[in-house]
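Structure, as structure tokens:
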Amino acid sequence: MKLSFVKFITALLIIVNSFCSLSVWADGRMEFIKVSLNDNWKFSRDPQGKGFNDHTSLKWEDVSFPHSWNTQDVMDDDPGYYRGTGWYKRKVKIDPGLKNKQLFLYFDGANQQSEIFVNGKSAGSHIGGYTRFCIPISNFLNFNNPEDNEVVIKVDNRHNDDIPPLSADFTFFGGVYRNLYLIVKDEVHFDLTDYASNGVYVNTPLVSEKSASVVVRSKLSNSVRQLNRVLVETSVIDSLGNKVAVVRSSVKLTPDVKSEISQEIKGINNPHLWSPDAPYLYKVISRIYDAKSKRLLDEVINPLGFRWFKFDPNEGFFLNGKRCKLIGTSRHQDYEDMGNALPAALHIRDVELLKEMGGNFLRIAHYPQDPVILEMCDKLGILTSVEIPVVNAITESEEFYTNCREMQKEMIRQNYNHPSVILWAYMNEVLLKPKFANDVKRQDEYYKNITALVQNLEDLTRKEDPSRYTFISNHGAYDLYKRVGLTSIPMVIGWNLYQGWYGDKIEGFGQFLDKFHKENPGKSLMVTEFGADADPRLRTFNPLRFDKTVEYASFYHEVYLKEIEKRDFVAGAAVWNLADFNSEQREETMPHMNNKGLLTWNRKPKDIYYFYQANLLRKPFVRIASRSWNLRSGIADSDNHDFCIQKLKVYTNQKEVTLIVNGKNLGTKIAKDRICLWDVPFINGLNTLEAVVKEGGLLYKDYTEIDFKLLPYNLNSSLVPFKEMNILLGSQRYFIDDLKHVVWIPDQPYRAGGWGYTGGMPFKLNNGNKDGYGSDGNIRGTFDDPLFQTQRVGINEYRLDVPDGLYHISMYFSELNDGREKAPLLYNLNNSVAKRADSARVFSVSVNDKQLLKALNIREEAGANAGLIKSMEVFVEGGKGISIKFSPIEGNPVLNALQIRKEF
Ligand code: GCB
């Protein structure tokens, strides 16, 4: 039976798990073992930050790892989330037969500072939330009383000036949020305490199509009290399980001294190369045998991929001698309702989704992630960069510098053997908002300290691993980075560019790339970030920068990808971001979220994901771009028509596409830049859509159904009877509420026979250069923030010429002038401080001349930035329709949204 590398490991763990009584370990058959210790933990928050002796008085709940204590509070309306201490504890049954073994607790990650107590004593600690760590525990265990061994873990995610990241646009979820393992090793084993690597480092100094060599460095640990001779055997196994090469070394070990050996395997002929198209993996199996008894003492298995690569400042990136443009995404590690505590399957799925998109590059940002991510990148052929979380700023302290260096070493040593890694990075936008803005001299000193740290990390990285490239990501302040020296130190420079999103002109993107290339002829460049927020609930036919609609984001990416593809010197680009992610301090249309994902938080594709597929996939591809906008609404084209014409976009990598709607052929269009556009007549109810391409005599189709709520042209229409309307004032957006199956449509001025406003202006924030509209503040008490974030200010009347009947009307209000000086979003550098007026606003509202809301003061009734809904029944007779009039008492009347439903 053939087992792939991962299956092999899984199979091993299953066998191990079925043994799980610890007594089996002592019978001499199992000399080394790694079993998860994720279950049966008690957990408690500890806001007071008690000491070990007091922690027992806390109230405990049952949890298992991966676990984060911030899964819910990052989404509530209270700013901030719990950043403090959490305790975990459980009993571990230890077999007395393990007395002569070495036991370790191996953490895949805990955020961000941890201390581990075994039987009441501190066994070790770790700084940093994103790297793995290994705590030897043998000396603390009670082998005489096996039932009574207690492990207590203290974790703390509060801000610490000495630990990166200091600030960032993502949430610093706290907890033991990755797997925890108990590892049992013989007294002689591959060293696990070398920055929690597995003690074996695989290099491929020479690789060509004809031949490859492998050099394996192994670190050995020996705690036997006598001299020991062991045999270290290193074999290379191909994917079919054939032994390709083996080398054995006899090593004399000194007690308590770690040894290092290096073994070389030369001349592997015609190696299978590793690449995105064919990610061929070999295995390196490292074993230690007792020289005398031939007993197997330890075993470590590493992946091996044969590839060579280079960055060329003019021609881009080359893999195995061929040009290979790197296109992919960055990735954060959180998921809806789970924080960062994800099961492996969801990490795996993310890499699969990137591969299914056609991506060949993953920027693992802004920190090292779960080990399964690189395992998947190796297997699926995704090239990667990995980075430590030095984001936005540094602290000028020795502790901070040391922590950066330690993290960099951990990252490199733990992930050294993954063929997918080509770049080690160590900083992101560190000059975003430089400290000491009011003191030029002090700021210069700060810059010097940053440059020194960059140089230090650069030197360390090159020394740790001369086989990879070094890398940092800067934001678009080119002159500043150049002046501070950060454009010359790393081997490859990454730029995070948002022209057309935070910056106003999308054309600025290509111009920036050309400028950098011209002025830095010897430097390779990657676009490490570009993206635009797309709230999947917001749609429009009039996209505007910063409107948060899927349509604007699609436009933005369509322009960017073309510019990237055009330039050979751009080695690659990573979309920011693969999926939406939590950033607790953000507000905007979906508070606490950064919506720049190509996928939603729970990994549903947005339109633009399909655009990348159309560009990157080689097999025939056709996709109705807005297939996820499957609940639509619109007004009939005229009083004589029972359909509404709306645009529909199809993405394809083929020459032409035919569209069939409700069984009718709407014609064939030639794709331009992978895009075809149609005007589709949607009828009321379910519409069927089929996009078809032909390739090599075969048909490829995409099919979807769109539920369309057709609204009458004249509200008295007999062709399209009036049922209900949901209108967003001051907005050109549609808001789709899937849960309630409701579509909110954009506003319009009043037209006789129809509906609309008279008087007033859309609300606009007084904050710099954003083209979008509405407020970007969190609306308390709702997840449907966009219903309340736009409004018409100074409105006189809202009129709807509806037929006679009984109507249910809901008026949505929110006081958007909250009087606060809202700090601009950190990343929006052009966004000046938004000072919002807080003048009083009182008005009355009458419906068909009956005053129903008298002297309404939204701020007084609900507070600022909160939703207020006033619902009422109105009986309409005599063909009067509905007239809602607003009379100011103080300030300007406003209305945010309006819902009208005909009862009967
Ligand atoms: C950036 C940052 C990233 C942010 C992103 C954004 O430049 O590197 O952490 O999330 O911009 O969306 O603003």
What nm value, rounded to one decimal, do you get for the distance between residue 887 and residue 167 when each label is placed 7 Å out toward the C-beta?
4.9
Between residue 855 and residue 56, what's the calculated FRET efficiency when r is the beta-carbon distance and R0 is 60 Å? Round to 0.05.
0.55
Where both residues lie in region 325-618, what percent of DSSP beta bridges are antiparallel, nearest 5?
10
Given charges at Cβ of Lys, Arg, Asp, Glu: the chain dipole, positive-most of 296, 328, 513:
296
Tilt, helix 5-18 to longest principal axis of the chain (alpha-carbon atoms), in degrees rounded to tens, equals 80
Could you tell me how far the Cα centroid of region 519-587 sits from the Cα centroid of region 186-216, in Å?
38
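If I stretch the segment between residue 637 and residue 76 completely, what's the gain in nm (0.36 nm per residue apart, minus their alpha carbon distance), one decimal? All intermediate terms of the calculation are to be shown ahead of the outcome.
Details: separation 561, 0.36 × 561 = 201.96 nm, distance 4.21 nm.
Result for the pair: 197.7 nm of gain on full extension.
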Near residue 880, which aspartates and glutamates are there with a Cα under 16 Å away, not counting those fewer than 8 places off in the same chain?
797, 801, 804, 849
With axes computed from alpha carbons, what is the tilt in degrees of helix 440-464 against the longest principal axis of the chain, rounded to the nearest 10 within 0 to 90?
50
Quick check on region 125-262: take the gyration tensor over C-alpha atoms, sort the square-rooted eigenvalues as a ≥ b ≥ c, and tell me if it's rounded (a/c under 1.5), prolate or oblate.
oblate
For region 657-676 and region 35-89, distance of Cα centres in Å:
54
Treating only the Cβ of Lys, Arg, Asp and Glu as charged (+1, +1, -1, -1), what charge dipole size does region 620-721 show about its Cα centre? Round to the nearest 20 debye.
400
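Find, among the trypsin sites (Lys or Arg not before Pro) in region 711-743, those assigned to loop by DSSP (not H, G, I, E, B) with at most 16 other beta-carbon atoms within 10 angstrom.
Working: sites: 723, 733, 740; in loops: 723, 740.
Within region 711-743, the qualifying trypsin sites (Lys or Arg not before Pro) (loop, at most 16 other Cβ atoms within 10 Å) are 723, 740.
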Rough spin-label spacing in nm, given labels placed 7 Å along Cα→Cβ, for residue 542 and residue 215:
6.6
So, in nm, how far is label residue 344 from label residue 740 when the simple model puts each one 7 Å beyond its Cα toward the Cβ?
4.3
Once the piece of chain linking residue 871 and residue 260 is laid out straight, how much longer is it, given 0.36 nm per residue of separation minus the C-alpha distance between them?
212.3 nm
For the chain, find the longest principal axis of its Cα atoms and tell me its angle to the long axis of helix 607-616, 0 to 90°, nearest 10.
50
Under the classification rounded if a/c is under 1.5, otherwise prolate if a/b is larger than b/c and oblate if not, where does region 5-189 fall, given a ≥ b ≥ c as square roots of the Cα gyration tensor eigenvalues?
prolate
³J(HN,Hα) computed for each position of region 576-582 - Karplus, 6.51 cos²θ - 1.76 cosθ + 1.60, integer Hz, glycine/proline x
9, 8, 4, 9, 4, 9, 7
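Output the direction-averaged projected area (hull surface divided by four) of the convex hull of the alpha-carbon atoms of the chain, in nm². Don't skip to the answer; put the middle values down first.
Working: hull surface 167.4 nm².
Mean shadow area of the hull around the Cα atoms is 41.9 nm².
From the helices alone, meaning DSSP H stretches of at least four residues, give me the mean residue ellipticity at 222 nm for the chain, per-run term -39500 (n - 2.57), in deg cm²/dmol to the nearest 500. Could the numbers behind the result be given before it?
Numbers: 11 runs with 136 residues, N = 904.
So the calculated ellipticity at 222 nm is -4500 deg cm²/dmol.
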Can you give the longest run of the chain that contains no GluC sites (Glu not before Pro) sitting in a DSSP loop with at most 13 other Cβ atoms inside 10 Å?
508-876
Listed residue pairs exceeding 26 Å between alpha carbons, taken from 505/701; 34/210; 310/672; 210/243; 523/548:
505/701; 34/210; 310/672; 523/548
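What's the FRET efficiency of residue 479 with residue 315 using the Cβ-Cβ distance as r and R₀ = 22 Å, to the nearest 0.05? Intermediate values should be presented prior to the final figure.
Values: r = 26 Å, r/R0 = 1.20.
Efficiency, from the Cβ-Cβ distance: 0.25.
Just to confirm the filter: which chymotrypsin sites (Phe, Trp or Tyr not before Pro) across region 436-494 are DSSP coil and have at most 14 other Cβ within 10 angstrom of their Cβ?
Details: sites: 436, 446, 447, 469, 471, 478, 481; in loops: 436.
Answer by residue number: 436.
Quick check: from the Cα gyration tensor, does region 718-780 come out rounded (a/c under 1.5), prolate or oblate? Could the numbers behind the result be given before it?
On the way: a/c = 3.15, a/b = 1.47, b/c = 2.14.
Oblate, because a/c is 1.5 or more while a/b does not exceed b/c.
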For residue 147 and residue 442 in one chain, what is 0.36 nm times their gap in residues minus the Cα-Cα distance, to one decimal in nm?
100.3 nm
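The numbers here are math on the coordinates, done by the rules we state, and not lab data. Everything quoted here is computed from the prediction, not taken from an experiment. Reconstructed Cβ throughout: ideal geometry from the backbone, glycine too, with neighbour counts over all protein chains shown.
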